[in-house]
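Worksheet: the structure to be examined is printed underneath.
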């Protein structure tokens, strides 16, 4: 669906972005706002130069300070997010948090709706995992899932990188996993028409498959990656995964500079544990994404190390990649804060606070790789607070103005 | 699963999520013993575990039916490029046959062949190409047969 917009209005909007390139040639510029491409404007100038302009609503920013929704969640979430706040205060990061608690034991949806409203208001959120109790009745939906689908956070992005200071079997892994985040096996559509026989619906739509494939290829191009591998089981699920694969191939044809191949999910997991270096960017539907991202997290050292991001058209929510509640290690000061702290750095990048993001990220990596202060999950004996203190000391010693430790 | 384990009593059961398996399997597989799961997860995790032990060339499998009807098979491909050239690694199919013998109750024979096969691989003197050696399939098999004979 394309709409041709009146020139005068849009040149006013785009002039500051494209600068003098528009100028007097404005009357020759034609702009299409494509709904499929989600607020991208294709600007075709008379010189045949195509500019892609991403028009996104600005994150909540008042008086130079951003406001971000913070959902502590359950298990280790609250303590890790407290460390994030402590670190941000220490570094004088211009971010204020609007804390929204979600009670996972409650059957009412008020809490999660408040959280969703807060995220809509602020545009960005940092969250811990909200526990989903298996013993609740089937109509009680996963709160995390509800959040993702209501806000249409269609892309889950996880960048798995080996840390030199962490001992793992395979070294130098660098894989980006793009997982469709809203449909597939997580549609929560199940029925038991006959007692003892349950049917689950796995939903794959052309629209969402094209959308996630496009996201993956754009990301690959932006980050200079060479190959995108689609992971599927289309030999068995011929219509569902077949459609997904078909959509990936269609999108791939529009990015001739990026190689595209596909691999069946069972072979993929086998290859990941034996020869992980063959993978670059991986693209897949929801459930395979869940399994593959956990395998990759295991390859680089575990759930405590990898941050994850959920992106939609209008909102972004950051959390740990493997979304663990960590009930058994909660409140014992042993959880690894790395994943959550790196997720907060991804959030700072999203808010365009790159200096703060790089400063904190650098300190985290120094702690992991040089100081080698590790928590129990990666073979060390440090406590959560010792790791955070170390990060703060490194930041303080590298110069910028900070508060007292 | 919960109902059956209640009946069987002594065996400990756990029910982690498939993502927890896949991660736990990669980091420390030793604390898993027997895993039971539905079809799709089984497909994914069986290949993942095969990757951990050396690949499909050494992984046996069996399909057991309700009345004791069973089919044992290797799950690797047909390898048309090396077919008929006496180069293939017979381990997967051989160990599947061992599973079949156990299913039939011939535990003595099964144990002998399995031990001989493992010893040949452990020795590293006669190995097929995929395991890093340059022996032919028939040479590898002959070595296993020799060990079985020596056992008697």
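Remind me, relative contact order of region A:169-267 in percent, using alpha carbon pairs under 8 angstrom and six or more residues apart?
Over region A:169-267, the number comes to 25 percent.
From Cα pairs below 8 angstrom and at least 6 apart in sequence, can you work out the relative contact order of region B:55-152, rounded to a whole percent?
24
Of all the Cα-Cα pairs you can form in region B:65-113, what percent are over 12 Å apart?
The calculated P(r) of region B:65-113 puts 68 percent of pairs beyond 12 Å.
Hey, how many Å between the Cα centroid of region A:65-131 and the Cα centroid of region B:36-81?
So the separation of the two Cα centres works out to 44 Å.
Give the dimensionless ratio obtained when the Cα radius of gyration of region A:287-405 is divided by 2.2 N^0.38 Å.
Relative to the rule-of-thumb radius for its length, region A:287-405 sits at 1.10.
Where does region A:288-338 land on Rg/Rh, using Cα atoms and the Kirkwood Rh?
Using only Cα positions, Rg/Rh for region A:288-338 is 1.02.
First obtain the Kirkwood hydrodynamic radius of region B:55-152 from its Cα pairs, then insert it into the Stokes-Einstein equation at 10 °C and 1.306 mPa s, and state the resulting D in µm² per second as a whole number.
113
How compact and how long is region A:236-336, expressed as Rg and Dmax of its alpha-carbon atoms in Å?
16.4, 51
Find the relative contact order for region A:66-123 and round it to a whole percent, using C-alpha pairs within less than 8 Å whose residues are 6+ positions apart.
Relative contact order of region A:66-123: 49 percent.
Per residue of A:296-303, how many C-beta atoms from partner chains lie within 10 Å of its own C-beta, taken as a mean?
The mean count of partner-chain Cβ atoms within 10 Å per residue comes to 4.
Looking only at other chains, what is the average number of their beta-carbon atoms within 10 angstrom of each beta-carbon in B:52-58?
Mean shielding by partner chains, rounded to a whole number: 2.
Take the Cα coordinates of region A:109-254, assign each an equal point scatterer, and use the Debye formula without solvent to give log10 I(q)/I(0) at q = 0.16, 0.20 Å⁻¹.
Listed by q, the Debye log ratios stand at -1.10, -1.28.
Restricting the calculation to Cα positions, tell me the Rg (one decimal) and the Dmax (whole number) of region A:68-139 in Å.
Cα radius of gyration and Dmax of region A:68-139 are 13.5, 45 Å respectively.
Could you order peptides A:309-315, A:234-240 by the average number of other Cβ atoms within 10 Å of their residues, highest first?
Per-residue Cβ counts within 10 Å, averaged per peptide and sorted highest first, yield A:309-315, A:234-240.
Based on the Kirkwood radius over alpha-carbon pairs, what value in µm²/s does the Stokes-Einstein equation return for the translational diffusion coefficient of region A:346-405 at 10 °C and 1.306 mPa s?
Once the numbers are plugged in, D ends up at 130 µm²/s.
When you count, for each residue, the other Cβ atoms within 10 Å and take the mean per peptide, how do A:135-143, A:158-166 rank with the highest first?
A:158-166, A:135-143
Any read-out appearing in this document is the output of simple, stated calculations on the displayed coordinates, not a laboratory observation. For clarity, every value in this text was computed on a predicted model and none was experimentally measured. A quick note on method: Cβ atoms are made from the backbone with ideal geometry, for glycine too, and the neighbour counts reach across all protein chains shown.
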